[in-house]
1. Per the Kirkwood formula on distinct C-alpha pairs, the Rh of the range 16-90 is how many angstrom?
2. If the viscosity is 1.002 mPa s and the temperature 20 °C, what translational diffusion coefficient in µm²/s does Stokes-Einstein give for the range 143-207 when Rh comes from Kirkwood over Cα pairs?
3. Using the Cα centre as the reference, give the magnitude of the dipole from point charges on the C-beta atoms of the chain (Lys, Arg: +1; Asp, Glu: -1; all else neutral), rounded to the nearest 20 debye.
4. If you take the square roots of the eigenvalues of the alpha-carbon gyration tensor of the range 222-349 and sort them as a ≥ b ≥ c, do you get rounded (a/c under 1.5), prolate (a/b over b/c) or oblate?
5. Determine the sum of side-chain charges near Pro344: Lys and Arg each +1, Asp and Glu each -1, restricted to other residues whose C-beta is under 12 angstrom from that of Pro344.
6. What aspartates and glutamates could a cross-link reach from Lys210, if we take a straight Cα to Cα line under 14 Å and drop same-chain neighbours fewer than 8 places away?
7. Can you give the relative contact order of the range 5-348 as a percent, counting alpha carbon pairs under 8 Å and 6+ residues apart?
8. Using θ = phi - 60° and the Karplus form 6.51 cos²θ - 1.76 cosθ + 1.60, what ³J(HN,Hα) does each residue of the range 171-182 get, whole Hz, x for Gly and Pro?
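Each reported figure results from applying straightforward, stated rules to the coordinates on display, with no laboratory input. Source: prediction; values computed, not measured. Because the Cβ atoms are built from the backbone with ideal geometry, glycine has one as well, and the counts that use them run over all protein chains shown.
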Amino acid sequence: MSGVKAGIMLSAQYFEGADMVSALEEQIEMVRLARDRGWDSYFCGQHYLNEGGNQGLQMVPYLARLAADAGDMTLGVGLLLAPLHNPVYTAETIATLDVISRGKMVFGVGLGYRTAEFEAFGVRKGQRVQRFEECLTIAKRLWTEDKVSYESDTCILKDAHLSLKCVQKPHPPIWFAAKHANAIRRAAQLGDCLYHSPKATLATHKERLKLYAEELRKAGKPLPRENPCRIEIYCAKSRAAAMELGAPYISEKYKAYAQWESDKAMPERERINKSFEELVEDRFVIGSPEDCWNQLKPYVEELGVTHFVFRTHFLGMPVSNALASMRLMSEELLPALHAARPTPLERIT
């Protein structure tokens, strides 16, 4: 097995009133640094109607613009809120991004959790899972079948033919965000791998991975080759410096998550409405390169992570802080990751 990959998570979230043209230039600078320093991928997530006095660029056009500066890095949709989108829009948009990335992309999906987003797109509570499954199922049919017929309240297709196909066959790998047992079962049925959340502890990741492996076996599917995990990280010359330069921004971000209903979407024991001191204990990676490596090793050895997606730039943080963290990670952490050998999932599950 090859070494562990490292991706950069680009949120492009800034306080309302910020100059977003300048903000975009900062994000492009981060991508160029990642490209030139040997990072493997770049990702962005999706939200609508941001709360808490912040604004963000929309994921799809933003990723398409970044692709022009990303070189051979893998483009990551992470995550598309599938219940909010029509299956045809999803199929054509993902195929377009696959072409833009020259067949080097991953397609991450999630159910979402914010009431404001569901209401804005007319998705009622009882429809969310059905819309999610419909979006993925029909998109995959459009990518792989010559003609597709289907009818529901949200989508009517009569011998529909999608002429634009994905570069990757049959489609880009689908990374599946899932927290609860039912969602993990859907991941085994509809996805290609489980995408571990930064909001959960390592112990919870292990439990979810075992359940996922059980569901794969029931479905007659093999264990995935990829086992990705998102991590909130800040790297500096010392832990004290990392806590000073990074911790306040991570802390504020997680307070915002709690206000955005993220806390309600988590299993009881994984609630994030806690003090920063409690959260940093077993969720965030903060410190010197050596500290960060020691905190990441259990994910590689005990969870078998093959691809980390690191966020090191947070709302309100000067981009210079994020670039400094990225440079130090590039010099002293990425070589260790690229040389590491994740424990095979067969030995873990």
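1. Kirkwood radius, the range 16-90: 13.6 Å.
2. The Stokes-Einstein estimate is 148 µm²/s.
3. Roughly 960 debye for the chain.
4. In terms of gyration-tensor shape, oblate.
5. +1
6. Filter leaves Glu302, Glu346.
7. Here the relative contact order equals 19 percent.
8. Once rounded to whole Hz, the list reads 5, x, x, 9, 8, 10, 7, 8, 10, 9, 4, 5.
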